[in-house]
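Single-structure report; data block below.
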Amino acid sequence: MNVLVVNAGSSSLKYQLFDTNSGNVLAKGICERIGIEGGKIEHKQADGTKTVREIEMENHSVATKILVETLTDEKIGCINDMSEIQAVGHRIVHGGAYFSESTLITDGVIEKLENCIDLAPLHTKAHLMGIKGCIDAMPGVPQVLVFDTAFHSTMPEKAYHYAIPYEMYEKYDIRRYGFHGTSHRFVSGEMCKILGKTEGTKIVTCHIGNGSSIAAVKDGKVVDTSMGFTPLAGVEMGTRCGDMDPAVVTFIMNKEGFTPDEMSDFMNKKCGFLGVSGISSDSRDIGAAILEGNHRAELAANILAYQIQKYIGSYTAAMNGLDAIVFTAGMGENNTELRERVCRNMEYYGIEMDYEVNAKAHHQPNVIKLSTDNSKVAVYLIPTNEELVIAQDTEAIVSAL
């Protein structure tokens, strides 16, 4: 089945066309600056050939029509006509309390998704625009929503509840949801294959990028995760602060005169690597500054590694054991120094890294074992593939219709 996987932003539309029978990506690309002057589509064919076309796109409906035209183009396309797109899968950041699994789009489903806007306003409004665009451009093609929060829905009450009045939870659905679920689901599934079983496994998955989250996956199901009500919680990130004393929020608001929206913007866009280092939100820039002896850059890197270590320790306690640690996503897959910082000084768990292998493991597509054969806990680099998960879920739901 040919499945078009879509990830809509407020002014962008990323896409990949999958042949789910082979698992191959037939083409991928991004429509940028939708509704903004200077729009363009960047399209990459299966052989890596890239084409950039400047074209105005007033909304997501127009952008979707343009991407379909690109996919069916005689010279750079990969299919003959739109009828070869048999289903569309949408990546959705927040499903709230409504969605615990991937779901076929209906009017009722869209209505529930609209009720989730308050939980992730920027993301959800963009997703809805992308959905509308695809429905307008491809009428009659079945479409499926795949939620970042869904894989975390197996968390027990003690893990997802906050210690606030229960009535607030009931009234506003305030709880830990977790994010990056399709990534954690993919890499934990691959790790279970390596271990040869799902039942009885205890895995910590570390999705570390500009946005980062850690998950405890026991018997193939999430029992806890670091992100919470929003993607702001957890470890230090590129520009997000992660966990801190809630009183710091009101303290800074009072001292700086911030409004709630300004404080939210501060915590999401001006903290993390950027705030601590004063240099950049990009780990590559941080690494270069460390080599030049920059103390604040070193501090930023050490904070993240230390926090990941603490999560691994707490999740080992939560699962009563640990079989494997998985690193994935941009930094997890490519930042060799980060992985070394995390796995040093963890001999208590019986972790024994092969640091020579680790030092060479970056910018490649393969699964790599980073621990030695003597290590009591396996440590792996597993490249994530969230789009493949979305395509597979979409195929399964549409095939059952």
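Quick note: the coordinates plus some simple rules give every number you see, no bench work behind them. Keep in mind that what you see is a predicted model, and the values were worked out from it rather than measured. No Cβ is skipped: glycine too gets one built from the backbone with ideal geometry, and neighbour counts run over all protein chains shown.
Would you be so kind as to identify which of Ile79, His180, Thr64 lies farthest towards the positive end of the dipole of the chain, taking Lys and Arg as +1 and Asp and Glu as -1 on Cβ and the Cα centre as origin? Going by the Cα projections, it comes out as His180. Between Leu299, Leu232, Leu128, the GNM of the chain built on Cα springs shorter than 10 angstrom shows Leu299 fluctuating the most. Expressed to the nearest 5 percent, the antiparallel share of DSSP beta bridges inside region 2-147 is 75 percent.
Expressed in nm to one decimal, what extension gain is obtained for the pair Lys310 and Met244 from 0.36 nm per residue of sequence separation less their Cα-Cα distance? Walk me through the numbers before you get to the answer.
Values: separation 66, 0.36 × 66 = 23.76 nm, distance 1.41 nm.
Gain on extension, Lys310 to Met244, equals 22.4 nm.
What does the extension gain come out to for Glu167 and Asp261, with contour length at 0.36 nm per residue minus their alpha carbon separation? Intermediate values should be presented prior to the final figure.
On the way: separation 94, 0.36 × 94 = 33.84 nm, distance 2.46 nm.
The span from Glu167 to Asp261 would gain 31.4 nm if fully extended.
What's the longest piece of the chain with no exposed trypsin sites (Lys or Arg not before Pro), counting a site as exposed if DSSP puts it in a loop and it has at most 14 other beta carbons within 10 Å? Numbers along the way, then the final one.
Details: sites that count: Lys75, Lys197, Lys270, Arg344, Lys376.
Maximal segment without exposed cleavage sites: 76-196.
Taking the chain as a whole, the Cys residues whose C-beta sits 4.7 Å or farther from every other Cys C-beta are Cys31, Cys78, Cys116, Cys134, Cys192, Cys206, Cys343.
Here the chain is treated with +1 on each Lys and Arg Cβ and -1 on each Asp and Glu Cβ, and its dipole about the Cα centre works out to around 660 debye.
I'd like the GluC sites (Glu not before Pro) in region 86-127 restricted to DSSP loop residues with at most 15 other Cβ atoms within 10 Å, sorted by number. Those that pass, being in a loop and sparsely packed, are Glu101.
Each residue of region 103-113 was assigned a 3J(HN,Hα) from its phi angle through the Karplus curve 6.51 cos²θ - 1.76 cosθ + 1.60 (θ = phi - 60°); the sequence is 9, 5, 6, 9, 4, x, 5, 4, 4, 5, 5 Hz, with glycine and proline shown as x. Largest GNM mean-square fluctuation among Val146, Val249, Val377, using the chain with Cα springs under 10 Å: Val249. Among Ser212, Ser102, Ser280, the residue with the largest mean-square fluctuation in a Gaussian network model of the chain, with springs joining Cα atoms closer than 10 Å, is Ser280. Going through the cross-link list Lys270/Lys369; Lys65/Lys125; Lys193/Lys376, which pairs have a Cα-Cα distance over 28 Å in this structure? Listed pairs above 28 Å: Lys270/Lys369.
The aspartates and glutamates within cross-link reach of Lys75, meaning a Cα-to-Cα straight distance under 20 Å and a gap of 8 or more places when in the same chain, are Asp19, Glu42, Asp47, Glu54, Glu84.
Against the main long axis of the alpha-carbon atoms of the chain, helix 60-71 sits at an angle near 80°. The label-point distance for Val141 and Glu356, in a model that sets each label 7 Å from Cα toward Cβ, rounds to 5.0 nm. Straightening the chain between Asn302 and Arg284 buys 5.0 nm, computed as 0.36 nm per residue apart minus the Cα-Cα spacing.
Computed from point charges on the beta carbon alone (+1 for Lys and Arg, -1 for Asp and Glu), the dipole magnitude for region 204-335 about its Cα centre is near 100 Debye. Counting only other residues whose beta carbon sits under 13 Å from that of Arg53, what net charge do I get with K and R as +1, D and E as -1? Around Arg53, the surrounding residues sum to -1.
Taking amide H as placed 1.01 Å from N in the peptide plane, Gly35 has its amide H under 5 Å from the amide H of Met57, Glu58, Asn59, each at least 5 places away in sequence or on another chain. The distance between label points at Lys125 and Ile174 comes to 2.3 nm (points 7 Å beyond Cα on the Cα→Cβ vector).
Taking only DSSP H segments of four or more residues, each worth -39500 (n - 2.57), what value at 222 nm results for the chain once the sum is divided by all its residues, to the nearest 500 deg cm²/dmol? Please report the intermediate quantities before stating the final value.
Numbers: 15 runs with 158 residues, N = 401.
Estimated from H runs of four or more residues: -12000 deg cm²/dmol.
For the chain, take the longest principal axis of its alpha carbons; what is the angle in degrees between that and the long axis of helix 260-269, to the nearest 10 within 0 to 90? Helix 260-269 and the main axis of the chain meet at about 80 degrees. Think of each Lys and Arg Cβ as +1 and each Asp and Glu Cβ as -1; about the Cα centre, that makes the dipole of region 1-91 roughly 320 debye.
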